[in-house]
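> This is the structure, below, for whatever I ask next.
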Amino acid sequence: MGVSNALNINDLRMLAQKRLPRMVFDYIDGGADDEHTLRNNTQRFRDRELLWNVLVNVSEIDLSTRVMGLDLPLPFILAPTAAQRLFHPHLGELATARAANRHGVAYGVSTLATQTLEDIAEAHPGPKIFQLYVWKNRALLEGILERAKAAGYTGLVLTVDLPVMGNRERDPRNGFSVPVQLNTKTIPQALTRPGYLIDLMRGGPAVPANFNTADNKDALDRENGRFDPSISWEYLTWLRDQWDGPLGIKGLSRPDDARRALDAGVDTIWISNHGGRQLDTCPATIDTLGPIADAINGQADIILDGGIRRGTDIIKALALGANAVAVGRAYLYGLAAGGEAGVSRAIEILSAETRRGMELMGRRSLKELSAEDVVG
Ligand SMILES: Cc1cc2nc3c(=O)[nH]c(=O)nc-3n(C[C@H](O)[C@H](O)[C@H](O)COP(=O)(O)O)c2cc1C
């Protein structure tokens, strides 16, 4: 089966598993501790059920939405994810950007991208958001906001659920770290995937490309020490002053934090638990949406991510109050399985499933969805 035959996101996941050495697949696929939140993010979508209305003229369906000042033809965006040249050694983020551009889908680009934010912007002139992590060594990221603005990123989002790395046990078990070290655990895994290995050798090491260092390697030393765990709400207020475009905060789970973020002047609350990769046993994101939507009462946009694998998951999140959702692994599986064509296939699958779900529910536009459409 090639990516064009993939019927759903799980098919792309299986293709990614065939293509990648186990350590790289597990880095995408895995979560923190016992992976309770990772599993629950998806499960809690399945626990909810959809009701439909009959005899509605659904010959025209409008899936467009507006979020972070962006007019989007589809209600999902590609979530920021690090190190994509590990998953697709040849092009990484450029493959994602080209596919997103082809479909007019917004792309959230990670601070830890392995292509420069400028090259990604060139491949994707359309709607884009830059995602910020804050480093202990602030000099590493000096000028990054000006660069993002100059390159055409209109929205900025600060990720706040990662003061330190979560405990992802698949990685040490596989001997895996970023960048990949060759050792007695990793070499045998790599040898089982010669196609990937050849690509990796051609592409060179996948290191972050956005830092102000000669070889970008300083940004990678000491996995746990590189993020600044001391940043607090003052930093968000400072950031608000620096960035005059739409500002989002990514990684919220509580109404009290959502209200504080509103007070700090953010435009978008991005509900996320980092795809279950950070604090394990926190609730599935879909379970935190209702209380947060109530607390902010329309004063900011809401994006939700975590566990979305089907168009019906997207519909449930929109019906329960999100303005848009974001997907992470869904497109990364596609990227790993088939580069630009794989990301494109993931977008096609989610878009077709969302459209079909709306048709079957008798809903012609996202405005027509409401919490009453969801049971459970
Ligand atoms: C491999 C991988 C790398 C990620 N890297 C980042 C990152 O650099 N910045 C960030 O804000 N979130 C990052 N995330 C979290 C995603 O933005 C998103 O919150 C998460 O993937 C959503 O869950 P889902 O994968 O179930 O869709 C990453 C997620 C994965 C799977």
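> ALA295 passes all but one of (1) at positive phi; (2) over 21 Å from the mean Cα position of the chain (by Cα); which number fails?
For ALA295, the exception is condition (1).
Conditions (1) within 14 Å of the ligand (Cβ to nearest atom); (2) of a type in the set (Lys, Arg); (3) buried (at least 18 other Cβ atoms within 10 Å of the Cβ), marked per residue:
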{"site": "GLN131", "(1), (2), (3)": "yes, no, yes"}
{"site": "LEU145", "(1), (2), (3)": "no, no, no"}
{"site": "ASN167", "(1), (2), (3)": "no, no, no"}
{"site": "ASP171", "(1), (2), (3)": "yes, no, no"}
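> Please determine, by comparing only the residues of the stretch 241-284 that are of a type in the set (Lys, Arg) and more than 16 Å from the ligand (Cβ to nearest atom), which one is surrounded by the most Cβ atoms within 10 Å (Cβ to Cβ).
ARG259
> I've got another one for you. Looking only at residues that are part of a strand (DSSP E or B) and in contact (Cβ under 8 Å) with a residue 40 or more places away in the chain in the stretch 100-117, which one is farthest from the ligand (Cβ to nearest atom)?
VAL109
> May I pose another question? Pairs please, first residue from the stretch 131-143 and farther than 15 Å from HIS274 by Cβ, second anywhere and part of a helix (DSSP H, G or I) and within 16 Å of the ligand (Cβ to nearest atom), Cβ atoms under 6 Å, 6+ apart in sequence or on different chains.
Taking only residues 6 or more apart or on different chains, the pairs are TRP135/LEU141; LEU140/ALA219.
> Another question about this same structure. Check ILE303, ILE347, ILE314 and return the single one that is of a type in the set (Val, Ile, Thr), outside any helix (DSSP H, G or I) and modelled with pLDDT of 95 or more.
ILE303
> May I ask you to list pairs of residues, at least six apart or on different chains, whose Cβ atoms are under 6 Å apart, with the first in the stretch 292-309 being more than 19 Å from GLY155 (Cβ to Cβ) and touching a residue at least 12 places away in the same chain (Cβ under 8 Å) and the second being of a type in the set (Lys, Arg) and not in a loop (DSSP other than H, G, I, E, B)?
Qualifying pairs under 6 Å: ALA295/ARG259.
> Kindly indicate whether any position in the stretch 46-66 is within 15 Å of the ligand (Cβ to nearest atom), buried (at least 20 other Cβ atoms within 10 Å of the Cβ) and closer than 18 Å to ALA330 by Cα.
No, the stretch 46-66 contains no residue that is within 15 Å of the ligand (Cβ to nearest atom), buried (at least 20 other Cβ atoms within 10 Å of the Cβ) and closer than 18 Å to ALA330 by Cα.
The values are calculated or read from the model by the stated rules, or taken from the named source; none is laboratory data. Predicted, not measured: the structure shown is a model, and the values here were computed from it. All Cβ positions, even for glycine, are placed from backbone atoms using ideal geometry, and neighbour counts span all protein chains on display.
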